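Only the coordinates and a few stated rules stand behind these numbers; no lab work does. These numbers were taken from a predicted model, which means no experiment stands behind them. Using ideal geometry, Cβ is built from the backbone for each residue, glycine included, and neighbour counts are taken over all protein chains shown.
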Amino acid sequence: VDHRADGGDLDGTRILVSAGGTRELIDPVRFIGNRSSGKQGVAVAAAAAARGAKVVLLAANIDDSVLAEVATNPAIRVVPVTSAAELETAALAASPGADVVVMAAAVSDYRVANVSTEKIRKEDRGGDAPTLTLVENPDILVALVRERRPGQVLVGFAAETAEDTDELLDRGRRKLHRKGVDLLAVNAVGWSQGFEASDNTLHILGSAGDVVATASGSKRDTADALIDAIADAIDDARE
Ligand code: CTP
Ligand code: CA
């Protein structure tokens, strides 16, 4: 693979990346999670570091085999997090020191209202299935946009199910405007698409909703394309 832009065009740029999928506890042995493997976000961290950036990677429940790609990279500091609340605390603590924030993590939209301190046991329930009450988690990306420093570049991800590319981009544009980000990387997901897969297609939307790039290939290839778009957005933000 030809990582054509490898080299120092992001020398010294500080990039905060979140990756993986958060988990919300139900009781001491169970959680609600999602299918994000963290591969795309880890690839973004690796691609940024290859171009000279200093990366903080907020890693939500990423398998060691996936993290192996960055574990020994001195330019990447890995900070493990579990729940959306932990990710929020870590992200808001690190963002003032970042020139770019990339929220690639799949964040749980809801958490369990009353986490059971005891394991939920069938024996105690007399054949009654439990009902979980959920409450909405704060939107971390929206909070980061609210707190953004001048010149800071904010990047979101959106994994969407859609009938076709038009619907995918429509959903992406609405999300981009709701969040107020500089770039939104949109990809289609389905039962056997997107998650865990090695290959991906990213449609990268600029702040006006324009498609600045469409990239297909390995998650590293699509990460390189996103880093190109980020490098352009940094230049725009400095003008
Ligand atoms: N995100 C976040 N905090 C949340 C939810 C999402 O920071 N509580 C971020 C994700 O990391 C991603 C972007 O927002 O960068 C879009 O996430 P997505 O789940 O697609 O958006 P939602 O606003 O949660 O909309 P949906 O109902 O489609 O899930
Ligand atoms: Ca969501």
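At-a-glance table
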read-out	value
The chain, relative contact order [Cα under 8 Å, separation at least 6], %	20
Estimated translational D of the chain in µm²/s (Stokes, Kirkwood radius over Cα pairs; 37 °C; 0.692 mPa s)	178
Efficiency of FRET between GLU86 and LYS122 - r from beta-carbon atoms, R0 25 angstrom, step 0.05	0.25
Rough spin-label spacing in nm, given labels placed 7 Å along Cα→Cβ, for GLU167 and ALA68	3.8
Amide H contacts under 5 Å for PHE31, placed H, 5+ residues apart	ILE26
Ranking of ILE32, ILE227 by count of other Cβ atoms within 10 Å, fewest first	ILE32, ILE227
Expected 222 nm ellipticity per residue - DSSP helices of 4 or more, -39500 (n - 2.57), all of the chain, to 500	-9500 deg cm²/dmol
Acute angle (nearest 10 degrees) that the helix 165-179 long axis makes with the longest principal axis of the chain, alpha-carbon atoms	90
Two-decimal ratio, the range 117-186, of alpha-carbon radius of gyration to 2.2 N^0.38 Å	1.76
Peptides 51-63, 105-117 ordered by average Cβ neighbours within 10 Å, highest first	51-63, 105-117
Candidates GLN40, GLN193, GLN152, ranked by Gaussian network fluctuation over the chain, Cα under 10 Å, top entry	GLN193
Centre separation in Å (Cα based) which lies between the range 78-95 and the range 150-206	22
Normalised per residue, the volume of the convex hull around the Cα set of the range 1-73 (Å³)	97
At most 16 other Cβ within 10 Å, DSSP loop - GluC sites (Glu not before Pro), the range 109-141	GLU118
